[in-house]
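Pasting in a structure now, in structure tokens, and then I'll have a few things to ask.
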Amino acid sequence: MKQFKTESKKLLDLMINSIYTNREIFLRELVSNASDAIDKLSFAALTDSSVVIDQDDLAIRVSYDADARTITISDNGIGMTAEELEENLGTIAHSGSEAFKAEHGDAQGDTMDIIGQFGVGFYSSFMVASRVRVVSRAFGSNQAYAWESDGIEGYTIEPAGPGERDGEDDHGTDVILYLRESTETEDTDRFLSEWGLRDLIKRYSNYVRYPIQMMVTKSEPVENPEDLPDDAPHYVDHQELETINSMTPIWKKRQSEVEQSDYNEFYKSTFHDYTDPVRTISFHAEGAISYDALLFIPGEAPFDLYSEDYEKGLALYSSNVLIQEKCADLLPDYYNFVRGVVDSPDVTLNISRETLQQNAQLRAIAKRVERKIKSELQTMLADDREAYEGFFENFGRGLKFGIYNSYGMNAGELADLLLFYSAKEQKMVTLREYVLAMPEGLDKILYAAGDSRERLEKLPAVTGAVKRGYDVLLCTQDVDEFMIQAMRTYHMDAVAGDAENAGTDARDIELANVSTADLDLATEEEKNAAEQATKDNEGLFNALKEALGEKVSAVRVSASLTDAPAALATEGPISLEMERVMMQGPDAGMAPRAQRVLELNASHPVFAKLTAAQEAGDTDKLALYASLLYDQALLVEGLPVDDPVEFAKNVCSLM
Ligand code: ADP
Ligand code: MG
């Protein structure tokens with residue numbers, strides 16, 4: 001007997017010994033494997049002239065034997081050689097299980113729910129079976145092999161016995177489950193019945209493209225036999241092979257004909273998600289290119305969405321044959337979270353990835369797909385704000401990267417889908433809402449960027465702006481400011497019709513960091529006062545600048561500070577937040593630094609202290625003040641002081 005690999009053992013153990021409630025998914029997993037195996041054969045037949053099959057014969061069969069307590073799932077798909085049995089069933093190395101491993105390497109604890117989240121594939125059979133026998137014969141081979149295991153220690157692989165797939169062309173696979181006895185917590189008996197299996201097939205595998213057949217008992221009324229003279233109708237039972245699943249691909253149906261719960265079930269079983277999608281988009285095209293498309297916006301971000309391993313793409317079918325599981329060309333990167341299916345008889349079948357990319361038809365479909373997604377998101381934003389905010393929380397970061405990565409070129413497409421937290425409204429707003437609510441005299445969209453909303457709300461530049469009646473968008477995601485720099489301006493469409501704000505013209509509005517030095521939010525009066533203060537205190541500013549040296553590029557009066565004695569502003573393209581983000585990155589050493597400007601509030605009592613020291617010619621004190629003001633401004637920004645020991649010493653010397 002061969003031993004299972006350690007990680008396989010761990011997972012098996014978890015699965016078998018858990019009180020996992022959703023054991024019934026085993027059938028879905030096995031049926032989907034059978035369907036995959038038929039797909040593979042059917043695809044081979046279309047692309048390889050040496051593979052000849054009758055497409056109409058392709059089917060999955062489910063049967064049970066209540067006395068022997070077995071369920072058998074058979075397919076006439078591609079089958080497996082002995083080597084493939086070993087490779088595919090001997091280790092956990094396949095999609096669902098792989099994902100499980102990646103996420104939860106050594107996780108213990110609440111693992112049961114986790115198992116439910118990922119398809120665990122073939123191994124799920126051990127949730128209900130104490131022994132599993134897989135008899136498989138690869139297409140084109142004369143010999144079937146049997147893999148068998150109790151799901152604990154290991155498995156055996158041997159040539160199959162007599163009567164096991166030894167007929168002519170008997171390719172395909174039988175998975176035979178030896179069910180455990182029912183217990184209080186686990187009713188396995190229900191699977192050993194016609195209704196039990198029918199229920200599972202209908203619920204989990206209804207849209208599998210191949211017929212899932214089962215022998216069922218049918219009762220039919222018969223003419224009263226002569227020896228029974230009464231009038232009561234008589235029935236006789238007979239066995240009949242019935243196709244249980246509806247088979248019509250759900251994407252071919254009109255959305256109005258399908259229950260949302262059916263879409264949800266299809267989505268969850270096909271894309272291995274455990275939450276319902278938030279939006280379902282179905283559309284059909286006829287004409288130069290015909291196709292059916294069914295798209296879903298997931299309710300949760302997949303755990304690997306932002307990792308390098310994540311593969312975007314829609315499943316591409318041509319006349320019911322799966323061409324590519326994840327056709328990346330059908331989705332732009334910024335909509336990479338969308339799952340779904342495109343089925344077009346016009347897409348050429350014998351395609352390699354390269355020719356696919358050049359496929360003009362595919363490009364046309366992709367364009368329409370993109371438009372549909374956008375309009376669905378816009379509808380959601382307009383009609384169901386709460387759901388949209390949830391969506392944005394999950395996937396907003398990807399949209400932002402879409403703008404950043406394209407150097408702002410995608411901004412036109414995506415800017416209206418963005419949400420930002422408004423300091424004034426204390427809720428999420430769109431750029432358009434910001435602009436429409438903008439007070440007279442402001443011609444910029446103000447934002448502040450930093451690592452937490454709480455801190456940003458207290459920044460002098462933000463409180464100052466809000467006090468003046470301006471709103472500030474608080475950006476806390478690492479990509480935010482890079483995206484904003486890439487887009488620079490927001491293009492707002494005109495407000496048409498008789499909507500509120502109708503007549504507002506289309507225009508481009510600059511996005512400005514509220515902490516940039518040249519931002520000019522003050523009133524004329526305040527500006528004049530600041531100018532006067534600058535003129536009057538030239539000596540002071542020179543002395544302060546001298547004391548701070550390279551740390552700042554200038555020291556000056558700010559006209560816009562209200563409560564704080566001082567604040568840091570920046571000049572040039574790099575803000576403090578961008579500096580912070582880049583310092584965490586791999587190229588920290590080479591990251592450009594923000595050009596800092598120390599801004600002082602001339603109407604704050606501290607300013608009087610400064611001028612007094614300057615008048616008294618006390619350069620030491622002035623240097624001490626300069627250093628303290630600079631350090632506390634850093635702290636307020638959430639940045640570390642350059643020299644904490646020095647800072648502590650300075651504070652003490654004041655006391
Ligand atoms: P997944 O389906 O995610 O790849 P599974 O654990 O369900 O993972 O199956 C593991 C592998 O075993 C499959 O990828 C496939 O290669 C093989 N396999 C399972 N069932 C069958 C079958 N009925 N016919 C052919 N191959 C199969
Ligand atoms: Mg599988």
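Yes or no: Thr21 of a type in the set (S, T, N, Q), modelled with pLDDT under 90 and either more than 12 Å from ligand 2 (Cβ to nearest atom) or farther than 30 Å from Gln239 by Cβ (or both)?
Yes, satisfied.
Could you check Tyr310 against (1) in a loop (DSSP other than H, G, I, E, B); (2) open to solvent by 50 Å² or more (accessible area, probe 1.4 Å) and say which number it fails?
Among (1) in a loop (DSSP other than H, G, I, E, B); (2) open to solvent by 50 Å² or more (accessible area, probe 1.4 Å), Tyr310 violates only (2).
If you check Ile157, Ile152, which single one turns out to be among the aliphatic types (A, V, I, L, M), open to solvent by 40 Å² or more (accessible area, probe 1.4 Å), assigned to a loop (DSSP other than H, G, I, E, B) and touching a residue at least 24 places away in the same chain (Cβ under 8 Å)?
Matching residue, one of Ile157, Ile152: Ile152.
Conditions (1) of a type outside the set (Phe, Trp, Tyr); (2) in contact with a strand residue (DSSP E or B) (Cβ under 9 Å, 6 or more places away or on another chain); (3) modelled with pLDDT of 95 or more; (4) in a strand (DSSP E or B), marked per residue:
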| site | (1), (2), (3), (4) |
| --- | --- |
| Val236 | yes, yes, no, yes |
| Gln239 | yes, yes, no, yes |
| Glu242 | yes, yes, yes, yes |
| Ser246 | yes, no, no, no |
| Ser261 | yes, no, no, no |
| Lys268 | yes, no, no, no |
| Thr275 | yes, no, no, no |
| Thr280 | yes, yes, yes, yes |
| Phe283 | no, yes, yes, yes |
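Is the range 413-429 home to any residue that is among the polar types (S, T, N, Q), over 25 Å from Ala522 (Cα atoms) and in contact (Cβ under 8 Å) with a residue 24 or more places away in the chain?
Residues of the range 413-429 among the polar types (S, T, N, Q): 422, 426.
Narrowing the set further to residues that are over 25 Å from Ala522 (Cα atoms) leaves none.
Checked against the condition, which is being among the polar types (S, T, N, Q), over 25 Å from Ala522 (Cα atoms) and in contact (Cβ under 8 Å) with a residue 24 or more places away in the chain, the range 413-429 yields no hits at all.
Results for (1) over 36 Å from the mean Cα position of the chain (by Cα); (2) in a loop (DSSP other than H, G, I, E, B); (3) under 22 Å from Arg397 (Cβ atoms), shown as yes or no for each residue.
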| position | (1), (2), (3) |
| --- | --- |
| Met438 | no, yes, no |
| Gly469 | yes, yes, no |
| Met483 | no, no, yes |
| Asn501 | no, yes, no |
| Asp508 | no, no, no |
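Pick from the range 337-394 the residues that are modelled with pLDDT of 95 or more and part of a loop (DSSP other than H, G, I, E, B): which of them is surrounded by the most Cβ atoms within 10 Å (Cβ to Cβ)?
Among those residues, the one meeting the criterion is Val338.
Okay, moving on. Glu454 passes all but one of (1) surrounded by fewer than 17 Cβ atoms within 10 Å (Cβ to Cβ); (2) among the acidic types (Asp, Glu); (3) not in a helix (DSSP H, G or I); which number fails?
(3)
A further question on this structure: Given the criterion within 21 Å of Asp39 (Cβ to Cβ), open to solvent by less than 10 Å² (accessible area, probe 1.4 Å), at pLDDT below 95 and part of a strand (DSSP E or B), identify the matching residue among Leu294, Leu322, Leu316.
After applying the criteria, what remains is Leu316.
Residues of the range 522-569 being over 16 Å from Leu629 (Cβ atoms) and hydroxyl-bearing (Ser, Thr, Tyr), which ones?
Thr523, Thr534, Ser560, Thr562
Being free of Cβ contacts under 8 Å to residues at least 60 places away in the same chain, closer than 20 Å to Gly464 by Cβ, part of a helix (DSSP H, G or I) and in the same structural domain as Gly638 (by TED's automatic domain parsing) narrows it down to one of Thr570, Thr534, so name that one.
Thr534
The values are calculated or read from the model by the stated rules, or taken from the named source; none is laboratory data. Nothing here was measured: the structure is a model prediction, and the numbers come from that model. No Cβ is skipped: glycine too gets one built from the backbone with ideal geometry, and neighbour counts run over all protein chains shown. SASA here: full protein model, heavy atoms, side chains in, ligands and nucleic acids out. Shrake-Rupley method; radii C 1.70, N 1.55, O 1.52, S 1.80 Å.
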